[in-house]
Amino acid sequence: MENSTLKDIIEKTWLDRDLLQSTESRDAIAIVMECLDKGELRCASPDGNGGWEVNDWVKKAVVLNFPIQKMETIEVGPFEFHDKMPLKKGYAEAGVRVVPHAVARYGSYIAKDVILMPSYINLGAYVDSGTMVDTWATVGSCAQIGKEVHLSGGVGIGGVLEPMQASPVIIEDGAFIGSRCIVVEGVRVGTEAVLGAGVVLTQSTLIIDVTGDKPVELRGYVPPRSVVIPGTRPKKFPAGTFNIPCAFIIGKRKESTNRKTSLNSALREHNVAV
């Protein structure tokens, strides 16, 4: 079935949920989920001009897949799960290393040479080649993770389902996301950027570039190769002035053909914890 046909069926079903009972709609949703699982469709894709295009109809198919699935018991050795979605399979053939107890749901794509430490990948997510998803990190529904990204221990990459979000989180190639960082609500982290430990980014989080003579304020986007640390800033309320969370861009990751060397230099130079 052509993508244009799939898109038309999904859009009609989104507007009329009674169509979920039809074979046509169910088949279209199943095809989208299979294509997501194989990496043939994505919830967001590079637009070729340095930006990203959100494929909203694909995200809608992911959401529509839930009400047509039935709960079932899944047994994996001594472990038992009770869910609507099957687990992803075929890691050896895909060239993916999966350490117990890493879990990925069917409908997520995990490329060759990805390493999954005990972690969780939700459906609709795309994890590109060479990426490390470290211990207890989570990749939310429809999130887009680039090549050779490092998601450190306990990182939380938000999804689009609960609560519903317009755009998926995007972590571009070569980015390093430090321990216990949280990136949600469709925030985009640029190529080879470094987030120090504990950075929290939402669409409303103020990201302040303090590297120049005057601060430059951003929201929802970390520019490429930025080194970012958590911070606070004062804000007035009726009860008084209090500090609220923000993030500071304190420098740039150095240009280097060796990303590991570049990263280590950035962390040493700016004294950033990871």
Is segment 170-183 home to any residue that is surrounded by 24 or more Cβ atoms within 10 Å (Cβ to Cβ) and touching a Cys at 6+ places or on another chain (Cβ under 9 Å)?
no
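Report yes if some residue within segment 57-67 is in contact with a strand residue (DSSP E or B) (Cβ under 9 Å, 6 or more places away or on another chain) and of a type in the set (A, V, I, L, M); otherwise report no.
yes
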Restricting attention to segment 168-203, the residues that are outside any loop (DSSP other than H, G, I, E, B) and free of Cβ contacts under 8 Å to residues at least 60 places away in the same chain number exactly 8
Cβ-Cβ below 6 Å, separation at least six or inter-chain, first residue in segment 100-112 and in contact (Cβ under 8 Å) with a residue 60 or more places away in the chain, second β-branched (Val, Ile, Thr) and assigned to a strand (DSSP E or B): which pairs?
Ser108/Ile121
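Can you tell me how many residues within segment 94-113 are out of contact with any strand residue (DSSP E or B) (no Cβ under 7 Å at 6 or more places or on another chain) and either among the small types (Gly, Ala, Ser) or farther than 14 Å from Met132 by Cα (or both)?
4
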When restricted to Gly107, Gly90, Gly95, the only residue under 24 Å from the mean Cα position of the chain (by Cα), at positive phi and surrounded by 21 or more Cβ atoms within 10 Å (Cβ to Cβ) is Gly107
So Gly156 ticks every box in (1) buried (at least 23 other Cβ atoms within 10 Å of the Cβ); (2) in contact with a strand residue (DSSP E or B) (Cβ under 6 Å, 6 or more places away or on another chain); (3) not aliphatic (A, V, I, L, M) but one. Which box is left unticked?
(1)
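Would you check if there is a residue in segment 264-272 being on the phi > 0 side of the Ramachandran plot, surrounded by fewer than 16 Cβ atoms within 10 Å (Cβ to Cβ) and either modelled with pLDDT under 95 or not assigned by TED's automatic domain parsing to the domain that holds Val160 (or both)?
From segment 264-272, those on the phi > 0 side of the Ramachandran plot are 271; that's our starting set.
Filter again for surrounded by fewer than 16 Cβ atoms within 10 Å (Cβ to Cβ), leaving 271.
So of that shortlist, the ones also either modelled with pLDDT under 95 or not assigned by TED's automatic domain parsing to the domain that holds Val160 (or both) come out as 271.
Within segment 264-272 (the criterion being on the phi > 0 side of the Ramachandran plot, surrounded by fewer than 16 Cβ atoms within 10 Å (Cβ to Cβ) and either modelled with pLDDT under 95 or not assigned by TED's automatic domain parsing to the domain that holds Val160 (or both)), the answer is yes, since at least one residue qualifies.
Does Asp37 fit the bill of being assigned by TED's automatic domain parsing to the domain that holds Arg17 and either within 24 Å of His101 (Cβ to Cβ) or at pLDDT below 90 (or both)?
Values: assigned by TED's automatic domain parsing to the domain that holds Arg17: yes; either within 24 Å of His101 (Cβ to Cβ) or at pLDDT below 90 (or both): yes.
Yes: the conditions hold for Asp37.
Every residue, every condition in (1) assigned to a strand (DSSP E or B); (2) more than 20 Å from Thr138 (Cβ to Cβ); (3) modelled with pLDDT of 95 or more; (4) assigned by TED's automatic domain parsing to the domain that holds Lys59, yes or no:
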| site | (1), (2), (3), (4) |
| --- | --- |
| Ala166 | no, yes, no, no |
| Thr205 | no, no, yes, no |
| Ile208 | yes, yes, yes, no |
| Val227 | yes, yes, yes, no |
| Pro230 | yes, no, yes, no |
| Phe242 | yes, yes, yes, no |
| Cys246 | yes, yes, yes, no |
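Matching residues to (1) of a type in the set (Gly, Ala, Ser); (2) surrounded by 13 or more Cβ atoms within 10 Å (Cβ to Cβ); (3) under 20 Å from Ala125 (Cβ atoms); (4) under 19 Å from the mean Cα position of the chain (by Cα):
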site: Asp16; (1), (2), (3), (4): no, no, no, no
site: Leu19; (1), (2), (3), (4): no, yes, no, no
site: Ala30; (1), (2), (3), (4): yes, yes, yes, no
site: Asp56; (1), (2), (3), (4): no, yes, yes, yes
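The values are calculated or read from the model by the stated rules, or taken from the named source; none is laboratory data. The structure presented is a predicted model; accordingly, all values stated were derived computationally and were not measured. Please note: Cβ atoms are built from the backbone with ideal geometry, for glycine as well, and neighbour counts cover all protein chains shown.
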